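The values are calculated or read from the model by the stated rules, or taken from the named source; none is laboratory data. Note that the structure is a prediction, hence the values are computed from the model and not measured. We place every Cβ from the backbone using ideal geometry, glycine too, and count neighbours over all the protein chains shown. Note: areas computed on protein heavy atoms with side chains; ligands, DNA, RNA excluded. Shrake-Rupley method; radii C 1.70, N 1.55, O 1.52, S 1.80 Å.
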Amino acid sequence: MPASTIKPGLLFIGGQWVESAAGATFRTINPATEEPLTEVAEGRAEDIDRAVTAARKAFSEGAWPRMPAADRGRLLWKIGDMLESRVAEIAEIETLDSGKTITESSRVDVPMAADCFRYFAGWTTKIEGETVPVRPPCFNYTLREPLGVVGQIIPWNFPILMAAWKVAPALAAGNTVVLKPAAQTPLSALRLAEVAQEAGLPPGVLNVVPGFGAVAGTALVEHPGVDKIAFTGSTPVGQEIMRRASGTLKRLTLELGGKSPNVVFADADVEAAVRGASNGIFYNKGEVCTAGSRLFLEESLHDAFLDKLQAHTAKLKQGDPLDPKTRLGPQVSEDQMLRVLSYIDKGKKEGARLVCGGARPPGKGYFVQPTIFDGVAPGMTIAREEIFGPVLAVIRFREIEEVVRAANESAYGLAAAVWTRDIKKAHLAARALRAGTVWINTYGLYDNAMPFGGYKMSGFGRELGRHGIMEYTQTKSVWVDLS
Ligand code: NAI
Ligand code: MG
């Protein structure tokens, strides 16, 4: 028995479930079977305008920014609890819509999304201003205020989790939201809207408008009634958003692509590093912005390590993502599969040595075999561009200065990892690596309390933690003349 029922998607605007104004719909596909799952109402400019109007009304006249902070917290906590009580149902929807394994969606994505709401529920009562000593006879203080209406655009690789990372802190700070999920994976965000409605979130506080980037996304970015855009997705779209948002001077946080270096020194715990290298690139079929897609191996450990990694990779079960034993599902869409396969072709043509994988397995579904290239030179396309699939580029090095330089030779700077038992080397490397997150002797860990975001062309602004919620506030300076 399936835990979930897939039903046609509508737009959630002003607390109502509505059709798109143009009556437009699009299909979302199950990438494991290539079959359509259901029709979803397609939000366009007019729908975005309705959603922004609803969000503005809720911000300017509604209860949300005015209620006691603790009551806001209580509601967000309730949303977290309700998400948790529906893990099985939402995880199944997520797996059907995105191809990620049920193990990941039920143990990681949905529980972490629930925790994210509870984490930021706690922040509602902790957003404080300051008193500032200025020349007498003035008394000065600052107020931390919400921004207003926030537009949030999220990708398809962690649909419910990215929705939580965006919505929870924005609402905790007292903003109202228009969320546009990715067209490939709109269903779990609509479930989140249902949960928010049932939890009693006032109408207009959260609006969810599925649709296409070039239509609904652009309309949201250009809408004069939106105070900020928070975006996660590709670097080219981030650049486009920056250009388009300049017309109305919106605040931005951009969490963009990556080409993260995973550096293994010869003195590492090899078994742990092999697992870390595998997880780093094959978790969520490589559709991870922090994927450890450049594996740097110290010369003396290179051959033995690669053998172990290859053996480990051969054991990863690829197939039906609803099967709890499956470790690798299909890529999210045909487009993504073709994109990944074209990078594999480039790797072969540019002279990298294919160690394993390298093709689409036979049968239905947008699968790509877990693929490892050795002998990758830094100038090759597969060493420079974000592939966003299960494709690893292995590069050798001899010493720490060399590997730090090579690791930093990237337009991106989202994450990095180092594996070594030498505590000094580990921390020196952590400082030298130009990335928003550095993992030491682990890979891909997250916590709602830990800020996350990019250096360089991986974007700016931070999500999660204190930094994350402050991005949804602005500071007002108040002067009082006491003379
Ligand atoms: P994308 O960046 O186009 O999609 C992300 C979100 O942005 C979606 O909701 C999409 O509808 C929206 N969007 C697209 N164009 C827009 C525009 N002009 N204005 C406003 N919103 C817009 O990513 P796409 O094309 O689906 O994937 C292509 C590549 O992007 C991937 O192969 C991967 O390399 C990268 N990517 C990176 C992600 C990350 O988390 N760093 C997430 C998704 C994709
Ligand atoms: Mg889908």
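So which residues in the range 55-110 are within 16 Å of ligand 1 (Cβ to nearest atom) and in a helix (DSSP H, G or I), if there are any at all? Across the range 55-110, the qualifying residues are Glu94, Asp97, Ser98, Glu104, Val108, Asp109. Exactly one residue among Thr248, Thr218, Thr185, Thr232 is within 16 Å of ligand 2 (Cβ to nearest atom), hydroxyl-bearing (Ser, Thr, Tyr) and within 29 Å of Tyr412 (Cβ to Cβ), and that residue is Thr185.
Rundown of residues vs (1) more than 10 Å from ligand 1 (Cβ to nearest atom); (2) crowded, with 24+ Cβ neighbours inside 10 Å, yes/no style:
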{"position": "Val167", "(1), (2)": "yes, yes"}
{"position": "Ala170", "(1), (2)": "yes, yes"}
{"position": "Ala173", "(1), (2)": "yes, yes"}
{"position": "Ala183", "(1), (2)": "no, no"}
{"position": "Gln197", "(1), (2)": "yes, no"}
{"position": "Gly200", "(1), (2)": "yes, no"}
{"position": "Val205", "(1), (2)": "yes, yes"}
{"position": "Ala214", "(1), (2)": "no, no"}
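Which one of these is of a type in the set (D, E, K, R) and touching a Pro at 6+ places or on another chain (Cβ under 8 Å): Arg244, Arg294, Arg275? Only one candidate passes the filter, namely Arg294.
Determine whether Phe388 is part of a strand (DSSP E or B) and either surrounded by 21 or more Cβ atoms within 10 Å (Cβ to Cβ) or not assigned by TED's automatic domain parsing to the domain that holds Thr185 (or both). In short, no. Residues in the range 100-120 that are open to solvent by less than 10 Å² (accessible area, probe 1.4 Å) and among the small types (Gly, Ala, Ser): Ser105, Ala113, Ala114. The sole residue among Phe367, Phe373 that is crowded, with 19+ Cβ neighbours inside 10 Å and farther than 26 Å from Glu35 by Cβ is Phe373.
Does Glu402 fit the bill of being in contact with a strand residue (DSSP E or B) (Cβ under 7 Å, 6 or more places away or on another chain), assigned by TED's automatic domain parsing to the domain that holds Asn279, of a type outside the set (A, V, I, L, M, F, W, C) and more than 18 Å from Ile281 (Cα to Cα)?
Working: in contact with a strand residue (DSSP E or B) (Cβ under 7 Å, 6 or more places away or on another chain): no; assigned by TED's automatic domain parsing to the domain that holds Asn279: yes; of a type outside the set (A, V, I, L, M, F, W, C): yes; more than 18 Å from Ile281 (Cα to Cα): yes.
For Glu402, the condition - in contact with a strand residue (DSSP E or B) (Cβ under 7 Å, 6 or more places away or on another chain), assigned by TED's automatic domain parsing to the domain that holds Asn279, of a type outside the set (A, V, I, L, M, F, W, C) and more than 18 Å from Ile281 (Cα to Cα) - is not met.
Among the residues that make up the range 145-153, is at least one of them open to solvent by less than 20 Å² (accessible area, probe 1.4 Å) and within 30 Å of Glu35 (Cα to Cα)? Among the residues of the range 145-153, at least one is open to solvent by less than 20 Å² (accessible area, probe 1.4 Å) and within 30 Å of Glu35 (Cα to Cα), which makes the answer yes.
Residue check: Ala304 meets all listed conditions (1) aliphatic (A, V, I, L, M); (2) surrounded by fewer than 17 Cβ atoms within 10 Å (Cβ to Cβ); (3) under 25 Å from the mean Cα position of the chain (by Cα) but one, namely (3). State whether one or more residues within the range 229-243 are within 11 Å of ligand 1 (Cβ to nearest atom), basic (Lys, Arg) and closer than 20 Å to Ser458 by Cβ. Yes, the conditions are met somewhere in the range 229-243. Scanning the range 461-476 for residues that are open to solvent by 70 Å² or more (accessible area, probe 1.4 Å) and touching a Leu at 6+ places or on another chain (Cβ under 6 Å) gives a single hit, Lys476. Residues in the range 13-50 that are open to solvent by less than 50 Å² (accessible area, probe 1.4 Å) and assigned to a helix (DSSP H, G or I): Asp47, Ile48.
Consider Asn448 carefully, then state whether it is surrounded by 15 or more Cβ atoms within 10 Å (Cβ to Cβ) and either in contact with a Cys (Cβ under 6 Å, 6 or more places away or on another chain) or without any contact (Cβ under 8 Å) to a residue 12 or more places away in the chain (or both).
Here the answer is yes, as Asn448 does meet what is asked.
Only a single criterion out of (1) over 24 Å from Gly347 (Cβ atoms); (2) open to solvent by less than 60 Å² (accessible area, probe 1.4 Å) is not satisfied by Glu401, namely (2).
Which of the residues spanning the range 409-430 are open to solvent by less than 50 Å² (accessible area, probe 1.4 Å) and either free of Cβ contacts under 8 Å to residues at least 40 places away in the same chain or of a type in the set (Asp, Glu) (or both)?
Step one: filter the range 409-430 for residues open to solvent by less than 50 Å² (accessible area, probe 1.4 Å), giving 410, 412-420, 425-426, 429-430.
Scanning the range 409-430 gives Ala426, Ala430.
Sub-8 Å Cβ pairs linking a first residue in the range 323-337 that is of a type in the set (Ser, Thr, Tyr) to a second residue that is within 12 Å of ligand 2 (Cβ to nearest atom), at least 6 apart or interchain, are Ser333/Ile29; Ser333/Pro31; Ser333/Trp156; Ser333/Gln184; Ser333/Tyr366, ordered by first then second residue. All conditions in (1) on the phi > 0 side of the Ramachandran plot; (2) open to solvent by 20 Å² or more (accessible area, probe 1.4 Å); (3) not acidic (Asp, Glu) hold for Pro136, with the sole exception of (1). Taking first residues from the range 353-370 that are under 17 Å from Ile281 (Cβ atoms) and of a type in the set (Lys, Arg) and partners that are outside any loop (DSSP other than H, G, I, E, B) and open to solvent by less than 30 Å² (accessible area, probe 1.4 Å), the Cβ contacts under 6 Å between residues at least 6 apart in sequence or on separate chains come to Arg353/Asp374. Scanning the range 187-203 for residues that are among the small types (Gly, Ala, Ser) and in a loop (DSSP other than H, G, I, E, B) yields a single hit, Gly200.
Listed here are the residues, each with its yes/no results for (1) out of contact with any strand residue (DSSP E or B) (no Cβ under 8 Å at 6 or more places or on another chain); (2) under 30 Å from Val149 (Cβ atoms); (3) basic (Lys, Arg).
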residue	(1), (2), (3)
Val215	yes, yes, no
Lys228	no, yes, yes
Arg243	yes, yes, yes
Ser246	yes, yes, no
Leu252	no, yes, no
His302	no, no, no
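Here Ser483 clears all of (1) in contact (Cβ under 8 Å) with a residue 40 or more places away in the chain; (2) open to solvent by less than 90 Å² (accessible area, probe 1.4 Å); (3) farther than 26 Å from Asn284 by Cα except the condition numbered (2).
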